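Note sheet for the following structure.
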Amino acid sequence: MEAKELGVVGAHVFTPQVFADSRGAFVSPFQEEAFVRQTGHRLFPVEQISHSRSRRGVVRGVHFTRTPPGMAKYVYCPRGRALDIIVDLRRGSPTFGRHATVVLDPVDFRAVYFPVGLGHAFVALEDDTVMAYTLSLAYAPENELALSVYDPDLALPLPEDIEPVVSERDRVAQSLEQALESGVLPEYEQCLELDARLAR
């Protein structure tokens with residue numbers, strides 16, 4: 001499995017080997033040994049596994065979890081194709097406000113690791129795009145927050161050849177500046193502490 005850190009500190013992309021033959025293919029999008037070698041720690045204890053299905057043009061995010069409790073996640077795309085967007089929302093982080101992108105699909109089966117405090121968005125590039133999420137925390141609506149994908153301060157690279165389909169919640173989401181003023185963004189050092197606890 002190949003792995004590299006992205007342009008957001010602490011976020012990593014993993015590309016597994018795909019074993020294909022006349023019957024189809026076999027692949028392991030998560031491999032503990034490769035994960036530990038790349039990140040220096042084990043994957044978090046899993047509390048929930050979820051998936052979403054989206055038609056072409058659906059834009060979800062930028063979503064993040066109130067910290068504490070904070071949430072780490074491991075994400076891949078077993079069907080369709082998505083532009084995955086990772087945003088650093090941790091105040092005090094050396095890459096605060098920056099983003100990285102990875103195309104996820106069931107050809108390369110890339111997966112992205114999000115430590116605590118990062119924002120997540122994606123754009124479905126095909127109909128029936130499925131995103132699979134392994135989560136360190138069970139979903140709780142009261143802890144889930146969002147920033148606008150259209151915020152010019154974030155300058156996210158949304159494809160120009162799609163007609164965005166956005167939920168009402170995401171359509172009215174606050175800007176990065178508003179989130180800073182309201183104090184809902186996580187602190188970098190606290191996120192590192194929570195990540196360290198999850199890795200034990």
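The values are calculated or read from the model by the stated rules, or taken from the named source; none is laboratory data. This one's a predicted model, so the numbers in the text were calculated from it and none came from an experiment. Glycine also receives a Cβ, built like all others from the backbone with ideal geometry; neighbour counts cover every protein chain displayed. Calculation scope for accessible area: heavy atoms of the full protein, side chains included, ligands and nucleic acids excluded. Shrake-Rupley method; radii C 1.70, N 1.55, O 1.52, S 1.80 Å.
Below, the figures for the structure above:
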quantity	calculated
Charge context of Ser175, other residues only, Cβ under 10 angstrom, K/R +1, D/E -1	-4
Options (1) 12.2; (2) 11.2; (3) 10.3 - which one matches mean projected area of the Cα convex hull in nm² as calculated here	(2)
Accessible area per residue, Å², the chain with all protein chains present, probe 1.4 Å	50 Å²
The range 75-200 - charge dipole about Cα centre, Lys and Arg +1 at Cβ, Asp and Glu -1, debye rounded to 20	480 debye
Local electrostatic count, Ala146, Cβ distance below 14 Å [Lys/Arg +1, Asp/Glu -1]	-1
Percent carbon-and-sulfur accessible area, the range 22-114, ignoring ligands, DNA and RNA, probe 1.4 Å	47 percent
Nearest-10 value in Å² for the accessible area of Leu145, using the 1.4 Å probe	30 Å²
Farthest positive-ward along the chain dipole, Cα basis, beta-carbon charges - from Tyr133, Pro159, Gly24	Gly24
Largest-first principal axis extents, alpha carbons of the range 16-102, Å	50, 36, 25
Antiparallel bridges, percent of DSSP beta bridges restricted to the chain (to nearest 5)	95 percent
Cα centroid separation, the range 170-184 to the range 1-21 (Å)	31 Å
GNM result for the chain, Cα springs below 10 Å: residue of Asp170, Asp105, Asp153 fluctuating most strongly	Asp153
